[in-house]
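Asks: Just passing along the structure, written as structure tokens.
The values are calculated or read from the model by the stated rules, or taken from the named source; none is laboratory data. This one's a predicted model, so the numbers in the text were calculated from it and none came from an experiment. Note that each Cβ is placed from the backbone with ideal geometry, even for glycine, and that neighbours are counted across all protein chains shown. Just the protein is used for accessible areas: all its heavy atoms, side chains included, with ligands, DNA and RNA removed. Shrake-Rupley method; radii C 1.70, N 1.55, O 1.52, S 1.80 Å.
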Amino acid sequence: MSERKVILVTGASRGIGRALAVAAGSSGYDTVINYRSSETEATKTVKIIQAAGGRALSLRGDVSERGDVTRVINGVVGALGRLDAVVNNAGIGEVIRREDLDQATFERAIRYNLLSAFLVSQAAIPHLQERGGRLIFLSSGAARTGGSISAAYAASKAGVEGLMHYYAINLRSDRITANAIAPSFVESDMINQLNLPDAATLPLGRLGRPDEMWPALRMILETEYLTGQTIHIDAGRYMT
Ligand code: NAP
């Protein structure tokens, strides 16, 4: 069996997920790129990692569907023999005003942002328990500030942090850590649909770059003594 660690990044065909997968894949992790529909982009992510000398493969699957999740996790372990870290990155951000927010839109946010993280984590944990491991969640400043996407999005991300806290406490004796990364205004397709604030009002006068999320992930991957934490990478828009 390979001694190289295996990391699964959900929603890694584009945006932050792609940047995290490329960085992990270029840093010695065998990397699995999950995506839902952007096959060409997922293949491109794999090729970027391979060109840097890394080992990567892509697996299609809607992470809000339990059957797809089972197939993806089995696919990872079947192809690479182990699973050491999971980045629950896949998510949606439908911009909608409070007065227009209906039940269907609210349920979509919970399904794609929160249920998906639960399904993937539950399926991954038995494999992580074999040697200890890492659960990572993409939260958002919106979990604490409300943010500018929707009430549904803010609620789903607050739920993600609750899930992370539960796992952090309950998986300590399995040497599995659970932590969240909370970005704000990072260049991506998701953020492009927003009425973005004037750059001059942003702390650094610019949006964040997806690759700027990697130092936080690297610290989480390398630090057994860190669990139950949310790391805000937002140039100081939100401070605890
Ligand atoms: P993005 O550019 O819209 O990319 C979303 C990714 O998720 C795509 O690869 C997409 O796959 C995938 N995806 C969505 N639903 C999926 C599903 N059900 N199953 C599998 N894959 C799915 O988003 P992003 O801005 O990079 O955001 C990534 C994460 O960071 C999200 O959780 C988001 O909430 C969080 N976040 C982002 C920001 C920001 O400023 N960008 C701020 C705070 C939090 P396909 O391409 O195949 O559709």
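Asks: Only one residue in Ala12, Ala23 is more than 9 Å from the ligand (Cβ to nearest atom) and of a type outside the set (Ser, Thr, Tyr), so which one is that?
Replies: Values: Ala12 fails: more than 9 Å from the ligand (Cβ to nearest atom).
Going through Ala12, Ala23 in turn, the sole match is Ala23.
Asks: Something else about it: Search segment 1-40 for residues being open to solvent by 60 Å² or more (accessible area, probe 1.4 Å) and closer than 22 Å to Asn113 by Cα, and hand back the single one that is nearest to the chain's Cα centre (by Cα).
Replies: Arg14
Asks: Which condition breaks for Thr105 when tested against (1) away from the ligand (no atom under 14 Å from the Cβ); (2) of a type in the set (S, T, N, Q); (3) open to solvent by 20 Å² or more (accessible area, probe 1.4 Å)?
Replies: Just one mismatch for Thr105, condition (3).
Asks: Continuing with the same structure: Please determine, by comparing only the residues of segment 201-217 that are open to solvent by 90 Å² or more (accessible area, probe 1.4 Å) and over 22 Å from the mean Cα position of the chain (by Cα), which one is modelled with the lowest pLDDT. If you could, list the steps in order and put the result at the bottom.
Replies: Of the residues in segment 201-217, the ones open to solvent by 90 Å² or more (accessible area, probe 1.4 Å) are 201, 204, 206, 209.
Now drop any that are not over 22 Å from the mean Cα position of the chain (by Cα), which leaves 201, 204, 206.
Working: Thr201: 86, Leu204: 94, Arg206: 94.
That would be Thr201.
Asks: I'm told Ala216 meets every condition in (1) in a helix (DSSP H, G or I); (2) under 20 Å from Tyr112 (Cα atoms); (3) in contact with a strand residue (DSSP E or B) (Cβ under 6 Å, 6 or more places away or on another chain) except one. Can you identify the failing condition by its number?
Replies: Status for Ala216: all satisfied but (2).
Asks: State whether one or more residues within segment 153-166 are assigned to a helix (DSSP H, G or I), at pLDDT below 95, closer than 15 Å to Arg237 by Cβ and within 12 Å of the ligand (Cβ to nearest atom). Even if it seems obvious, please write down each step before you answer.
Replies: The first filter runs over segment 153-166 and keeps only residues assigned to a helix (DSSP H, G or I), leaving 153-166.
Filter once more, so that each one left must be at pLDDT below 95: none.
No, that holds for no residue.
Asks: Only residues that are out of contact with any Leu (no Cβ under 8 Å at 6 or more places or on another chain), open to solvent by 20 Å² or more (accessible area, probe 1.4 Å) and either near the ligand (Cβ under 8 Å from one of its atoms) or not β-branched (Val, Ile, Thr) (or both): list them for segment 137-149, please.
Replies: Ala143, Arg144, Gly146, Gly147
Asks: Of the residues Arg134, Arg111, Arg71, Arg55, which single one is closer than 23 Å to Lys5 by Cβ and within 16 Å of the ligand (Cβ to nearest atom)?
Replies: Working: Arg134 fails: within 16 Å of the ligand (Cβ to nearest atom); Arg111 fails: closer than 23 Å to Lys5 by Cβ; Arg55 fails: within 16 Å of the ligand (Cβ to nearest atom).
Going through Arg134, Arg111, Arg71, Arg55 in turn, just one is closer than 23 Å to Lys5 by Cβ and within 16 Å of the ligand (Cβ to nearest atom): Arg71.
Asks: Of the residues that sit in segment 167-194 and are β-branched (Val, Ile, Thr) and near the ligand (Cβ under 9 Å from one of its atoms), which one is farthest from the chain's Cα centre (by Cα)? Working first, answer last.
Replies: Taking segment 167-194 first, the residues β-branched (Val, Ile, Thr) are 169, 176-177, 181, 186, 191.
Filter once more, so that each one left must be near the ligand (Cβ under 9 Å from one of its atoms): 181, 186, 191.
On the way: Ile181: 8, Val186: 14, Ile191: 15 Å.
Per the criteria, the residue is Ile191.
Asks: I've got another one for you. Based on what the data block shows, is Ile220 loosely packed, with under 13 Cβ neighbours inside 10 Å, more than 10 Å from the ligand (Cβ to nearest atom) and more than 17 Å from Ala154 (Cα to Cα)? So that I can check it myself, show each step before the final result.
Replies: Working: loosely packed, with under 13 Cβ neighbours inside 10 Å: no; more than 10 Å from the ligand (Cβ to nearest atom): yes; more than 17 Å from Ala154 (Cα to Cα): yes.
When the stated conditions are applied, Ile220 does not pass them.
Asks: Do the conditions hold for Ile7, that is, is it within 20 Å of Ala124 (Cβ to Cβ) and within 10 Å of the ligand (Cβ to nearest atom)?
Replies: Details: within 20 Å of Ala124 (Cβ to Cβ): yes; within 10 Å of the ligand (Cβ to nearest atom): no.
No.
Asks: Does segment 128-140 contain any residue that is out of contact with any Pro (no Cβ under 7 Å at 6 or more places or on another chain), closer than 21 Å to Gly17 by Cβ, part of a helix (DSSP H, G or I) and among the small types (Gly, Ala, Ser)?
Replies: No: zero hits.
Asks: Which of the residues spanning segment 95-127 are touching a residue at least 60 places away in the same chain (Cβ under 8 Å) and either of a type in the set (Val, Ile, Thr) or not in a helix (DSSP H, G or I) (or both)? Break it down into steps so the answer makes sense when it comes.
Replies: Initial filter on segment 95-127 (touching a residue at least 60 places away in the same chain (Cβ under 8 Å)): 95, 116, 120, 124.
Answer for segment 95-127, where residues must be touching a residue at least 60 places away in the same chain (Cβ under 8 Å) and either of a type in the set (Val, Ile, Thr) or not in a helix (DSSP H, G or I) (or both): Val95, Val120.
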